[in-house]
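Structure first, commentary second.
The values are calculated or read from the model by the stated rules, or taken from the named source; none is laboratory data. Note that the coordinates shown come from a computational prediction; the quantities given were computed from them, not determined experimentally. Neighbour counts are summed over all protein chains in view; Cβ atoms, including those assigned to glycine, are modelled from backbone coordinates with ideal geometry. To get the accessible areas, we keep the full protein, side chains included, count just its heavy atoms, and leave off ligands, DNA and RNA. Shrake-Rupley method; radii C 1.70, N 1.55, O 1.52, S 1.80 Å.
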Amino acid sequence: MSATPATSDGKLATNPPSQVLSSCSSLLSSYRSKEENDILPSPSTSRTGGRGFGSSSSPKSRNRHIELKVEGVLVTSLKEILDDPVGVKCFAAHLKDEFAHENIAFWRAIEDFRIKFKDGNRTPRSRTTLKTAARAIYKQYISEKGVTNINIEEKTRLALRRVIKEAKEKLTMFDEAQRSVYAMMSGDPLSRFLKSKYYERLVRARHARRTRSTTF
């Protein structure tokens, strides 16, 4: 890592805002359309090594956020993040670092479950398929023996256990559990995400998409 240049009085030199914006624009202009996974850091990146890209303690990073805000690419609500395909991937990577990846995995599983069966509960075969999918979700995320069970209220867990036991699976059976997980992710996990390197990468991706869409 190159040393930060110093002024004649011995103080560290800082880039003026215009240079920061110029540097940011240059970086973003070099962005190329890739698979969304390319936006995320490689698995070998250390969580604790160095200050990390997009660290909240970096003045240059904060300046980038201020300049990019003009373009309307910042997102601060969980709904906006989860509505963005890249946002989901970035937020999932952040939760994985926090050892809480099961929450976003469960949320996504219920979204897929709802979409898949929203109009398909009218035949015996479709009801059987829904039941099979519901039991798989219960086994993985709700059951206390599940490999990636989520942290929800005991009354919610017991209610779902009763649904499974009585074979009364239905499309809305996981709604309460999903709302609970969503509320949990909207708290401290979201606050920490907005200060993370993954959020910085999401902002860059959104800015790149916006830039490409205005060039045609």
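Tabulated data
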quantity: Conditions (1) outside any helix (DSSP H, G or I); (2) open to solvent by 40 Å² or more (accessible area, probe 1.4 Å); (3) under 16 Å from I104 (Cβ atoms); number of the one not met by S191; calculated: (1)
quantity: Pair list, Cβ under 8 Å, 6 or more apart: the range 91-107 residue within 20 Å of Y138 (Cα to Cα) and at pLDDT 95 or above, other residue open to solvent by 30 Å² or more (accessible area, probe 1.4 Å) and assigned to a helix (DSSP H, G or I); calculated: N103/M184; W107/Y182
quantity: Failed item in (1) touching a helix residue (DSSP H, G or I) at 6+ places or on another chain (Cβ under 8 Å); (2) at pLDDT 95 or above, with F117 passing the rest; calculated: (2)
quantity: Test: residue in the range 177-184 that is open to solvent by 80 Å² or more (accessible area, probe 1.4 Å), in contact (Cβ under 8 Å) with a residue 24 or more places away in the chain, within 26 Å of the chain's Cα centre (by Cα) and under 19 Å from K79 (Cβ atoms); calculated: no
quantity: Test result for V147, in contact (Cβ under 8 Å) with a residue 40 or more places away in the chain and within 21 Å of P189 (Cβ to Cβ); calculated: no
quantity: Selection status of I137, open to solvent by less than 90 Å² (accessible area, probe 1.4 Å), part of a loop (DSSP other than H, G, I, E, B) and either at pLDDT 95 or above or over 11 Å from I110 (Cα atoms) (or both); calculated: no
quantity: Residue ID - nearest to R114 (Cα to Cα), chosen from residues in the range 194-216 that are surrounded by fewer than 17 Cβ atoms within 10 Å (Cβ to Cβ) and out of contact with any Ser or Thr (no Cβ under 6 Å at 6 or more places or on another chain); calculated: R209
quantity: Residues of the range 147-170 classified as over 23 Å from the mean Cα position of the chain (by Cα), surrounded by 11 or more Cβ atoms within 10 Å (Cβ to Cβ) and under 14 Å from A136 (Cα atoms), total; calculated: 6
